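K.L.:
To start, I am sharing the structure in question, which I have written as structure tokens.
The values are calculated or read from the model by the stated rules, or taken from the named source; none is laboratory data. Note that this is a predicted model, so its numbers are computed, not measured. Every residue, glycine among them, receives a Cβ derived from its backbone with ideal geometry; neighbour counts consider all protein chains shown. Only protein heavy atoms, including side chains, enter the accessible area calculation; ligands, DNA and RNA are left aside. Shrake-Rupley method; radii C 1.70, N 1.55, O 1.52, S 1.80 Å.
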Amino acid sequence: MYLLSDDSKELLADVKNFCKKEVMEQSKEYDISGEWPAEIYAKAFDMGLQSLEIPEELGGVGLDSVTLSALYEEMAYADAGFATTMACNNLCVKPIMRSGNAEQKKFVADLVLAGKIGAFALTEPMCGSDVGSTKTTAVYDAATDEYVINGRKCFITNAAVASIFYVTASTDKTKGAKGLSGFIVESGTKGLSIGEHENKMGIRLSTTSDVLFEDVRVPAKNLVGKEGDGFKIAMQTLDGARPFVGSLAVGVAKRALDESIAYAKERVTFGKPISKFQALQFMMADMDISIETARQMVVHSLTLLDAGMPFSREAAIAKCYAGDMSVQVALDAIQIMGGFGYSREYPVEKLLRDAKIFQLYEGTNQIQRIVIAGSILR
Ligand code: CAA
């Protein structure tokens, strides 16, 4: 449970309503087709769900992180792919809001408030988790005061539908992680192209693809921060985003628990509903314990973030625990529902496919353990 202000509760009720009516009921169809549901997103953008992380001074609503978590949880309860689209747009917004200059912030805020979204182009085929080994290059051309970007990014959420990209590239190969820099690149820039749409196991209402950069020229003013700041900015962005992966994982797990409870109250065996059997009650109680534990870890890490305190370790703990928890709870929901849980007629097999991503994206759970171990051994 979240402790929210009256305004936040009102907003949460609106978002819940929207997600139930416009997302949850349609998500099965799009999960099967794997198509990006443009009409659902058009309504969500009209409602402003893409602009929740735009600060108040730039025209946004200026929400606190705990309220945002409650909203993301509700979105993922309806559909994790839908919530992923929204959260990954903010992976592009965050580094610019944190490290960009006033002009860059205004440019991005105006775009997002107008219903456009962004993508965070960090991961590459040859160096997924090892960000410091980024192969994409950005070479400064003094004659035109531009950077020329060449390389390939992969598994980029929103790439096919994004209006802007936050791109990490090496401006000095000799310096490794300290030679990385971040750039704002507009879609439609000559030389930028989008690869094949990934046919994913889950989160199928989100779109994921490669992005290719072939002599893509961007004005030098699109450099975010200074040359060499790119690794740090990427890490700070991921720190700030990981708790929200936890929120999404909690949303999926809560849906799995609710689906299994509804089923267990209806399904009669040995003369009574299976919800009356203590073996299943204990399973459901354990699912509830782990969901609430994960939620409170998310809230704790976000409370530290909003208070301006160090929170990398707590963000990694929340993301890692919630991701593992979500997979386990979805598995338990299938177990409670038996053969029906394994059938595509019921939603829980989809929840398991969706939950798996939380152990993978925004840093695998092995990477989270590296971050946690680094913090406790330092
Ligand atoms: N904040 C600020 N600075 C940080 C930092 C942080 N969180 N983490 C590291 N740094 C600094 C270090 O202090 C160090 O600086 P100094 O040399 O000055 O001390 C420098 O950065 C290098 O740090 P490390 O030596 O720890 O770096 P590393 O190369 O060993 O890598 C890592 C660390 C944790 C493995 C990191 O590479 C990482 O997080 N990898 C995972 C990447 C990831 O999450 N990818 C997900 C992609 S996004 C996505 O999934 C979205 C989508 O579209 C679905």
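K.L.:
Only residues of the stretch 168-185 count here: report those whose backbone N is under 18 Å from the spot 7 Å along Cα→Cβ of Val139, or say none.
P.N.:
The answer is 169-176, 179-181, whose backbone nitrogens lie closer than 18 Å to the label point.
K.L.:
For the pair Asp306 and Phe340, how long in nm is the line joining their label points, each one 7 Å along Cα→Cβ?
P.N.:
Each label point is offset 7 Å from its Cα along the Cβ direction, giving 3.9 nm.
K.L.:
How large is the convex hull of the Cα atoms of the chain per residue, expressed in Å³ as a whole number? Could the numbers behind the result be given before it?
P.N.:
On the way: hull volume 51.0 nm³, N = 378.
In the chain, the Cα hull volume divided by residue count equals 135 Å³.
K.L.:
Can you pull the percent of Cα pairs in the stretch 232-377 with separation above 20 Å?
P.N.:
Percent of Cα pairs beyond 20 Å in the stretch 232-377: 49.
K.L.:
Compute the acute angle (0 to 90°) between the alpha-carbon long axis of helix 312-342 and the principal axis of greatest extent of the alpha-carbon atoms of the chain; round to the nearest 10°.
P.N.:
Approximately 40 degrees, to the nearest ten.
K.L.:
Can you tell me which of 368-374, 236-242, 175-181 comes out highest on packing, and rank the rest after it, using the mean Cβ neighbours within 10 Å? Intermediate results must be reported in sequence, preceding the final value.
P.N.:
On the way: 368-374: 16.0, 236-242: 22.9, 175-181: 18.3.
The packing order, highest mean first, is 236-242, 175-181, 368-374.
K.L.:
Run lengths n ≥ 4 of DSSP H only: what is the helix-derived mean residue ellipticity at 222 nm for the chain, with -39500 (n - 2.57) per run over all residues, to the nearest 500?
P.N.:
Numbers: 11 runs with 197 residues, N = 378.
Taken over the chain, the calculation gives -17500 deg cm²/dmol.
K.L.:
Right, here's the next one. At 1.4 Å probe radius, can you tell me the per residue accessible area of the stretch 1-102 in Å²?
P.N.:
Counting only protein heavy atoms, the per-residue value for the stretch 1-102 is 43 Å².
K.L.:
Contact order normalised by length for the chain, with contacts defined as Cα pairs under 8 Å and 6 or more residues apart; what percent is it?
P.N.:
Computed value for the chain: 16 percent relative contact order.
K.L.:
Another question, if that's okay. Expressed in nm², what is the orientationally averaged projection area of the convex hull enclosing the Cα positions of the stretch 154-225?
P.N.:
Computing the convex hull of the Cα atoms and averaging its projections yields 5.8 nm².
K.L.:
At a temperature of 10 °C and a viscosity of 1.306 mPa s, determine how fast the stretch 26-83 diffuses translationally according to Stokes-Einstein, using the Kirkwood radius over alpha-carbon pairs as Rh; express D in µm²/s, rounded to the nearest whole number.
P.N.:
Working: Rh = 12.6 Å.
In µm²/s, the coefficient is 126.
K.L.:
If you take every DSSP beta bridge whose two residues both sit in the chain, what share of them, in percent to the nearest 5, is antiparallel? Write down the numbers at each step before the final one.
P.N.:
Values: 29 of 34 bridges.
If we restrict to bridges inside the chain, about 85 percent are antiparallel.
K.L.:
To the nearest 10 square angstrom, what accessible area does Leu113 show with a 1.4 Å probe?
P.N.:
Counting only protein heavy atoms, the figure is 70 Å².
K.L.:
How many Å² of accessible area per residue for the stretch 119-226, probe 1.4 Å?
P.N.:
Spelled out: the 1.4 Å probe surface of the stretch 119-226, per residue, equals 43 Å².
K.L.:
With each label point set 7 Å from Cα along the Cα-Cβ vector, what nm distance links Gln296 and Thr189?
P.N.:
Between Gln296 and Thr189, the label points sit 4.6 nm apart.
K.L.:
Compute the relative contact order of the stretch 119-226 as a whole-number percentage, counting only Cα pairs closer than 8 Å that sit 6 or more residues apart in sequence.
P.N.:
32 percent
K.L.:
Rolling a 1.4 angstrom probe over the protein chains, ignoring ligands and nucleic acids, what is the accessible area of Leu223 in square angstrom, nearest 10?
P.N.:
Number for this one is 30 Å².
K.L.:
As a test question: what accessible area, to the nearest 10 Å², does Met297 have when a 1.4 Å probe is rolled over all protein chains in place?
P.N.:
Solvent-accessible area, nearest 10 Å²: 60 Å².
K.L.:
Considering only C-alpha atoms, what is the centroid distance from the stretch 151-200 to the stretch 271-336, in Å?
P.N.:
34 Å
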